[in-house]
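Asker: Sharing a structure here in structure tokens format.
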Amino acid sequence: MKGLKSTRAPAITPNEMLRVAGAAAPFQPPAVGADKSAMLSVRMTESTLEALAAHALDQGTTQRRVIAEALARHGVRVAARDLEDRPLPRRRGGQQAA
């Protein structure tokens with residue numbers, strides 16, 4: 001069986017794989033070292049939470065985005081994904097469907 005060529009591709013390094021993937025899909029979020037979503041729970045008075053809900057509703061956005069924008073205005077580095085609009089969930093002070 002001499003003369004047959006191998007069908008195996010030559011070995012490629014992890015860095016070369018990342019380079020090729022970045023060139024093929026430059027706008028995809030990175031799979032390595034990507035920012036994971038995490039939860040923050042903060043206890044506040046009901047009046048503050050009602051005011052936050054009302055403000056977000058008036059602005060046509062989410063409470064999460066209102067908080068993220070306020071943090072960014074105060075110099076906190078906020079990930080772009082946290083500043084994006086998402087579907088409006090049910091919230092305090094909003095209209096409930098019957």
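The values are calculated or read from the model by the stated rules, or taken from the named source; none is laboratory data. All of these numbers come straight from a predicted model, not from anything done at the bench. In this analysis, Cβ positions are derived from the backbone assuming ideal geometry, glycine residues included, and neighbour counts consider all displayed protein chains. Ligands, DNA and RNA are excluded from the accessible area calculation, which covers all protein heavy atoms including side chains. Shrake-Rupley method; radii C 1.70, N 1.55, O 1.52, S 1.80 Å.
Asker: For segment 48-67, enumerate the residues that are surrounded by 14 or more Cβ atoms within 10 Å (Cβ to Cβ) and assigned to a loop (DSSP other than H, G, I, E, B).
Answerer: Correct list: Thr61, Thr62.
Asker: Please identify the pairs in which a residue from segment 1-27 that is without any contact (Cβ under 8 Å) to a residue 12 or more places away in the chain has its Cβ atom under 9 Å from the Cβ atom of a residue that is among the polar types (S, T, N, Q), counting only partners at least 6 apart or on another chain.
Answerer: Cβ pairs passing all conditions: Ala21/Gln28; Gly22/Gln28.
Asker: Let me ask something additional. What is the residue count in segment 46-98 for residues that are modelled with pLDDT of 95 or more, of a type in the set (Gly, Ala, Ser) and over 23 Å from Lys36 (Cα atoms)?
Answerer: Number of matching residues: 4.
Asker: Name every residue in segment 36-50 that is within 13 Å of Ile67 (Cβ to Cβ) and hydroxyl-bearing (Ser, Thr, Tyr), in order of residue number.
Answerer: Result: Ser41, Thr48.
Asker: So, one more: For segment 68-86, how many residues meet the condition of being open to solvent by less than 100 Å² (accessible area, probe 1.4 Å) and part of a helix (DSSP H, G or I)?
Answerer: Number satisfying all stated conditions: 8.
Asker: May I ask you to list the residues in segment 23-45 that are within 13 Å of Arg81 (Cβ to Cβ) and at pLDDT 70 or above?
Answerer: Asp35, Lys36, Ser37, Ala38
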